[in-house]
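Report on one structure; see the data block that follows.
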Amino acid sequence: MNSLPPIGQTASRVRNAPGVPVIRNINWGGLRTLYVKEVRRFFKVQLQTVWAPAITTLLFLVVFTVATGARRPVMVGGEVVAFADFIAPGLIISQGMMGPAFANASFSLLVGKIQGTIVDYLQPPLSTTELLAGLVGGAVTRAILVGFVVWLAMALYPGVHVTPHAPLAILWFGLLGTLFLAFLGVLTSIWAEKFDHAAAVTNFVVTPLALLSGTFYSVDNLAPVFRAISHANPFFYIISGFRYGFLGVADSPIGFGSAVVLAIDVALGVACYVLLRRGWRLKN
């Protein structure tokens with residue numbers, strides 16, 4: 001006896017003709033799965049990915065405030081602030097947020113290429129935008145967690161005042177900074193063929209830019225040549241704007257710095273999209 005349903009009934013159950021995509025717009029399920037995967041990956045080793053960078057950042061604060069004096073005055077934007085209050089916001093954004101964002105984003109695709117599991121990122125029905133959003137979203141989430149832990153510890157640290165003055169500026173420049181390093185991390189992960197390549201970008205690009213960005217000193221005290229070099233560093237505008245959110249003063253115009261970093265973020269985002277779409281160094 002034939003148990004198949006009538007032809008008309010079978011046709012009525014077919015939702016999409018052959019070759020017609022089922023997911024027409026955004027694959028929210030796949031995007032959420034990739035994002036959760038990225039978050040769980042770094043959360044499984046949270047002692048290394050969250051608490052270690054947080055403690056390292058706090059050690060920077062302790063060493064510099066003890067060595068130079070927490071209440072030593074620093075001139076910022078024509079106003080005098082305590083050194084501990086000056087250095088704290090820069091440490092939160094540069095060491096506590098942007099560094100972890102780069103580390104997370106530069107690891108995902110690279111470890112897939114090394115272990116031969118890159119197909120797990122390329123085969124699922126995710127568009128290039130969704131793949132990029134999942135990778136960057138995981139990196140930004142890690143940066144926010146580490147930054148919050150560092151801020152909370154600094155709020156309890158004696159002699160340091162990290163009360164928000166302009167919360168929107170903190171959120172905006174925190175987002176711009178973490179996106180900047182997340183996109184740079186994705187580019188590194190696409191380009192690198194081994195962990196040494198990613199480490200080289202960290203040691204010769206990210207770390208020098210972070211240390212020479214005005215985190216530990218005011219660029220107003222520098223010679224004109226070095227001041228001009230500092231103004232060519234995108235980290236400088238991120239830290240200056242983020243510091244403004246806590247102190248209400250900055251080393252550079254907030255609007256100009258925001259426009260510069262936003263333009264860089266857009267350029268890096270477009271570069272990541274183009275390379276992911278082409279599968280450069282991923283599908284070979």
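The values are calculated or read from the model by the stated rules, or taken from the named source; none is laboratory data. Given the structure is predicted, the values throughout are model-derived calculations rather than measurements. Backbone-built Cβ (ideal geometry, glycine too); neighbour counts: all protein chains shown.
Do we have any residue at all in segment 111-119 that's within 23 Å of PRO53 (Cα to Cα) and in contact with a strand residue (DSSP E or B) (Cβ under 6 Å, 6 or more places away or on another chain)?
no
For segment 178-207, the tally of residues that are more than 17 Å from LEU110 (Cα to Cα), among the hydroxyl-bearing types (Ser, Thr, Tyr) and in contact with a helix residue (DSSP H, G or I) (Cβ under 8 Å, 6 or more places away or on another chain) stands at 1.
Of PHE64, PHE42, which residue is touching a residue at least 60 places away in the same chain (Cβ under 8 Å), over 27 Å from PHE216 (Cβ atoms) and in contact with a helix residue (DSSP H, G or I) (Cβ under 7 Å, 6 or more places away or on another chain)? Can you show your working first?
Numbers: PHE64 fails: over 27 Å from PHE216 (Cβ atoms).
Unique residue meeting the criteria: PHE42.
For residues that are among the small types (Gly, Ala, Ser), at pLDDT 95 or above and surrounded by fewer than 15 Cβ atoms within 10 Å (Cβ to Cβ), tally how many sit in segment 256-284. Residues that pass the stated criteria total 3. Restricting attention to segment 102-122, the residues being without any contact (Cβ under 8 Å) to a residue 12 or more places away in the chain and of a type in the set (A, V, I, L, M, F, W, C) number 2.
Determine, yes or no, whether THR178 is surrounded by 17 or more Cβ atoms within 10 Å (Cβ to Cβ) and either among the acidic types (Asp, Glu) or within 20 Å of PHE102 (Cβ to Cβ) (or both). Against the criterion (surrounded by 17 or more Cβ atoms within 10 Å (Cβ to Cβ) and either among the acidic types (Asp, Glu) or within 20 Å of PHE102 (Cβ to Cβ) (or both)), THR178 qualifies.
Take ASP251 and decide whether it is buried (at least 22 other Cβ atoms within 10 Å of the Cβ), among the charged types (D, E, K, R) and at pLDDT below 95.
yes
Are any of the residues in segment 226-233 modelled with pLDDT under 95, surrounded by fewer than 12 Cβ atoms within 10 Å (Cβ to Cβ) and either of a type in the set (Val, Ile, Thr) or closer than 30 Å to LYS283 by Cα (or both)? No, there is no match, as no residue in segment 226-233 is modelled with pLDDT under 95, surrounded by fewer than 12 Cβ atoms within 10 Å (Cβ to Cβ) and either of a type in the set (Val, Ile, Thr) or closer than 30 Å to LYS283 by Cα (or both).
Residues in segment 111-134 that are under 17 Å from LEU184 (Cα atoms) and of a type in the set (Gly, Ala, Ser) were compared, and the one that is surrounded by the most Cβ atoms within 10 Å (Cβ to Cβ) is GLY134. Summed over segment 67-101, the residues that are without any contact (Cβ under 8 Å) to a residue 24 or more places away in the chain and β-branched (Val, Ile, Thr) give a count of 2. Scanning segment 249-284 for residues that are among the acidic types (Asp, Glu) and not in a loop (DSSP other than H, G, I, E, B) returns a single hit, ASP265. Being out of contact with any His (no Cβ under 7 Å at 6 or more places or on another chain) and either among the aromatic types (Phe, Trp, Tyr) or in a loop (DSSP other than H, G, I, E, B) (or both) is a property that PHE246 lacks.
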